[in-house]
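The values are calculated or read from the model by the stated rules, or taken from the named source; none is laboratory data. Because the structure is predicted, anything quoted here is derived from the model rather than measured. No Cβ is skipped: glycine too gets one built from the backbone with ideal geometry, and neighbour counts run over all protein chains shown. The protein model used for the area step is the full one, side chains on, heavy atoms only, and it has no ligands, DNA or RNA in it. Shrake-Rupley method; radii C 1.70, N 1.55, O 1.52, S 1.80 Å.
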Amino acid sequence: MITNSTENRLAQLDEPYALPSEAITFYRENGYVKLKHVLSPDLLAYYGDLITEWVFKLNTLTKPMEERTTYERAFLQVMNLWRENDAIKTFVFSRRLARIAAELMGVEGVRLYHDQALYKEPSGGITPWHADQYYWPLSSDKTITVWIPLQDTPYEMGPLAFAERSQTVNIGRDLKISDESEQQIAEALKTFAVNETPFELGEVSFHAGWTFHRAGANSSSQARRVMTMIYMDKDIRVTEPDNDNRIADWKTWLQSKTVGTTADSALNPILYDAR
Ligand SMILES: O=C(O)CCC(=O)C(=O)O
């Protein structure tokens, strides 16, 4: 049934966000930006419940915290929820969010790389320092992730933190998420300013593929529920996957598309095109 509130939600996911030019400048200088009032509390409550239902339906990580690796302690990770549920697909395919991604990167249009829910459970551990593009066999740095908390996210829950201007430094780019990445990148970034501020409901961040980021542990009594979408320039190409994680990503998220061709497998629809 299409109700008034359903219509309002769909309109909100579709309509443009008034992205200030200062936000674009800030993103390009610092490799990330935080934007308030991007999605309404009502919309986040609705999709938050749905996403949470699917995260727990699909989650396979059930062993006790003390038996998990550092990576496993960081979050429950459930990917490509858009393929599981049509309402979640509407959320993931939001033209409003995809347009912000394109405008921040200065590209004509963006495709989906994949979505993922990242739920840091109560007593969940840190997310070690890393840069995402280590995992992605893609031909340029025109990649970006929107990080959408589904509740207010105070410091105790582990809000995403960013090393400002770290997107252009060639350090630690060969490190996967691990205890080593946490130690070595923290050391290499000692002189960088880090933004580790809380997120209010409706606030989201966008960070570039090479921006170093981490999150603290969740010492609160509630799960830190977060949905993310990774976008890439619609014309980005597939590159030779040169580490094990890139090989796995190439097979899973790019359906093993031929190296050198546009990253446009059936899993990578265009979500915004200004033309
Ligand atoms: O949510 C987290 O703790 C980590 C998120 C992250 O690394 C990402 O979205 O790229």
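Determine if the stretch 158-166 includes at least one residue that is assigned to a helix (DSSP H, G or I), buried (at least 22 other Cβ atoms within 10 Å of the Cβ) and in contact with a Ser or Thr (Cβ under 7 Å, 6 or more places away or on another chain). Step through it out loud before you land on a result.
From the stretch 158-166, those assigned to a helix (DSSP H, G or I) are 166; that's our starting set.
Subsequent filtering for residues that are buried (at least 22 other Cβ atoms within 10 Å of the Cβ) retains 166.
If we keep only those that are in contact with a Ser or Thr (Cβ under 7 Å, 6 or more places away or on another chain) as well, we get 166.
Yes, the stretch 158-166 contains a residue that is assigned to a helix (DSSP H, G or I), buried (at least 22 other Cβ atoms within 10 Å of the Cβ) and in contact with a Ser or Thr (Cβ under 7 Å, 6 or more places away or on another chain).
When you scan the stretch 213-271, how many residues do you find that are within 24 Å of residue 148 (Cα to Cα) and among the small types (Gly, Ala, Ser)?
7
Considering only the stretch 36-149, give the strands (runs of 3 or more DSSP E) lying wholly within it that have at least 3 residues that are more than 19 Å from residue 268 (Cα to Cα) and open to solvent by less than 50 Å² (accessible area, probe 1.4 Å). Can you show your working first?
Values: elements: 76-79, 109-120, 127-130, 143-149.
The strands (runs of 3 or more DSSP E) meeting that bar are 109-120, 127-130.
Restrict the check to the stretch 60-69 and report whether at least one residue is in contact with a Leu (Cβ under 7 Å, 6 or more places away or on another chain) and within 16 Å of the ligand (Cβ to nearest atom).
Within the stretch 60-69, the first condition is being in contact with a Leu (Cβ under 7 Å, 6 or more places away or on another chain), and the residues that meet it are 61.
Imposing the further condition that a residue be within 16 Å of the ligand (Cβ to nearest atom) reduces the set to 61.
Yes, the stretch 60-69 has at least one match.
So how many residues does the stretch 193-210 have that are part of a strand (DSSP E or B) and within 12 Å of the ligand (Cβ to nearest atom)?
First, pick out the residues of the stretch 193-210 that are part of a strand (DSSP E or B): 194-195, 199, 204-208.
Subset that is within 12 Å of the ligand (Cβ to nearest atom): 199, 204-208.
Total satisfying the criteria: 6.
Which of (1) under 30 Å from residue 17 (Cα atoms); (2) more than 10 Å from the ligand (Cβ to nearest atom); (3) out of contact with any Leu (no Cβ under 7 Å at 6 or more places or on another chain) is the odd one out, the single condition residue 120 does not satisfy?
Unmet for residue 120, out of (1) under 30 Å from residue 17 (Cα atoms); (2) more than 10 Å from the ligand (Cβ to nearest atom); (3) out of contact with any Leu (no Cβ under 7 Å at 6 or more places or on another chain): (2).
Being more than 16 Å from the ligand (Cβ to nearest atom), basic (Lys, Arg), surrounded by 15 or more Cβ atoms within 10 Å (Cβ to Cβ) and assigned to a loop (DSSP other than H, G, I, E, B) is the requirement here; does residue 190 meet it? Lay out the reasoning, then the answer.
Values: more than 16 Å from the ligand (Cβ to nearest atom): yes; basic (Lys, Arg): yes; surrounded by 15 or more Cβ atoms within 10 Å (Cβ to Cβ): no; assigned to a loop (DSSP other than H, G, I, E, B): yes.
Against the criterion (more than 16 Å from the ligand (Cβ to nearest atom), basic (Lys, Arg), surrounded by 15 or more Cβ atoms within 10 Å (Cβ to Cβ) and assigned to a loop (DSSP other than H, G, I, E, B)), residue 190 does not qualify.
Is at least one residue of the stretch 225-237 touching a helix residue (DSSP H, G or I) at 6+ places or on another chain (Cβ under 9 Å) and without any contact (Cβ under 8 Å) to a residue 60 or more places away in the chain?
No, the stretch 225-237 has no match at all.
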